[in-house]
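Just so you know, all these numbers are worked out from the coordinates, no wet-lab data involved. Owing to the predicted nature of the structure, the values given are computational and were not obtained by experimental measurement. As a convention, Cβ positions derive from the backbone with ideal geometry for all residues, glycine included, and neighbour counts pool all protein chains shown.
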Amino acid sequence: MIKDRLDPRFKVVPAGTELWRVHKSKYGPVQFNPTLADLHLGGGRFEGTVLDPYRSLYVADSALTAVAESVLRSVPWTGGRRKIPYVSVHGRTLSVLRTTRELTLVSLIEEKDLAAVLQTANLLDDERSYPMARRWTSEIRAQAPDAMGLVWQSRRNRPEHSMVLFHDRFGDCHCDALEVLPGRGIADLGSPEGFEEVNALLDPLRAEVSKPVTW
């Protein structure tokens with residue numbers, strides 16, 4: 001337990017808000033990720049662990065942000081255009097969801113939001129801080145039991161927002177809070193059609209997915 005009391009600031013996502021999610025195609029668009037992160041090694045920044053075993057679901061407020069957060073992690077920029085390995089999009093889908101009720105999230109958007117939970121931007125920007133971020137997320141959850149997730153400024157498409165939702169804060173009918181908007185998004189990012197669409201999205205960020213050698 002953290003000795004000092006946190007004072008989380010909240011952001012409410014209104015009902016009817018469209019959110020975008022990149023996920024493995026074998027999973028449903030509103031299926032929360034059941035994988036738990038290691039306490040000290042691999043895993044996502046805000047995923048649950050054996051000490052706090054919640055399922056997670058990452059979304060963003062635009063298609064570009066969702067894609068950028070998924071494929072631009074650890075991709076260096078040495079000048080020119082950033083090249084993204086094709087494997088980053090193979091077997092993945094870009095889905096569009098809509099909230100059916102308000103979502104109350106702890107805000108980590110502004111510096112004062114981070115200060116309210118006794119943190120700085122390093123919690124979001126330093127990839128070496130993942131274990132600390134997971135530990136701090138558990139403390140935020142403990143001290144803000146009504147929080148359904150977190151929202152922060154995307155470090156790969158500033159100033160737009162990324163979010164993580166906590167499965168256990170949605171009640172037994174968690175899927176009722178999110179509905180899928182069929183016919184939107186990109187069904188298969190790794191298909192020739194999806195490949196062209198995702199590269200069109202990434203073009204303003206001077207990034208592109210490399211074409212597979214089998215085409």
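Helical runs (DSSP H, four residues minimum) scored at -39500 (n - 2.57) apiece and divided by the length of the chain put the mean residue ellipticity at 222 nm at -5500 deg cm²/dmol. Each Lys or Arg adds one and each Asp or Glu subtracts one; over the other residues with Cβ under 13 Å from the Cβ of Pro8, this totals -1.
Here is the list for the stretch 43-94: trypsin sites (Lys or Arg not before Pro) lying in DSSP coil, each with at most 14 other C-beta atoms within 10 angstrom of its C-beta, are Arg73, Arg81. Here the 3J(HN,Hα) profile of the stretch 51-60, calculated from phi with Karplus coefficients 6.51, -1.76 and 1.60 at θ = phi - 60°, is 7, 8, x, 8, 7, 10, 8, 8, 9, 9 Hz, Gly and Pro shown as x. Ordered by the number of other Cβ atoms lying within 10 Å of each residue's own Cβ, fewest first, Arg156, Arg98 fall into the sequence Arg98, Arg156. Over 31 Å between Cα atoms: which of Lys26/Lys112; Lys11/Lys83; Lys26/Lys83 fall into that group? Cα-Cα > 31 Å for Lys26/Lys112; Lys11/Lys83; rest within. Taking the Cα centre of the chain as origin and assigning +1 to Lys and Arg Cβ atoms and -1 to Asp and Glu Cβ atoms, the resulting dipole is close to 460 debye. The amide H of Ser154, built 1.01 Å from its N in the peptide plane, has Glu160, His161, Ser162 as neighbours under 5 Å, considering only residues 5 or more places off or on other chains.
Sorted fewest first by neighbouring Cβ atoms within 10 angstrom, Glu196, Glu139 come out as Glu196, Glu139. Computed from backbone phi, the HN-Hα couplings of the stretch 154-161 come to 4, 7, 10, 7, 5, x, 6, 10 Hz, rounded to whole numbers (Karplus: 6.51 cos²θ - 1.76 cosθ + 1.60, θ = phi - 60°; Gly and Pro given as x).
Counting only C-alpha contacts under 8 Å and six or more residues apart, can you give the relative contact order of the chain as a whole percent? All intermediate terms of the calculation are to be shown ahead of the outcome.
Working: 403 pairs, mean separation 67.8, N = 215.
Value for the chain: 32 percent.
Note that the stretch 27-34 has calculated 3J(HN,Hα) couplings of 9, x, x, 10, 7, 6, 6, x Hz, one per residue in order, obtained from phi through the Karplus relation 6.51 cos²θ - 1.76 cosθ + 1.60 (θ = phi - 60°); glycine and proline are x.
How do Glu197, Glu179 rank when sorted from fewest to most other Cβ atoms within 10 Å of their own Cβ? List each step's numbers first, then the result.
Working: Glu197 18, Glu179 14.
Ordered by Cβ neighbours within 10 Å, fewest first: Glu179, Glu197.
So what is the relative contact order for the stretch 1-124, in percent, with contacts set as C-alpha pairs under 8 Å and at least six apart?
Working: 164 pairs, mean separation 52.8, N = 124.
It comes to 43 percent, rounded to a whole number.
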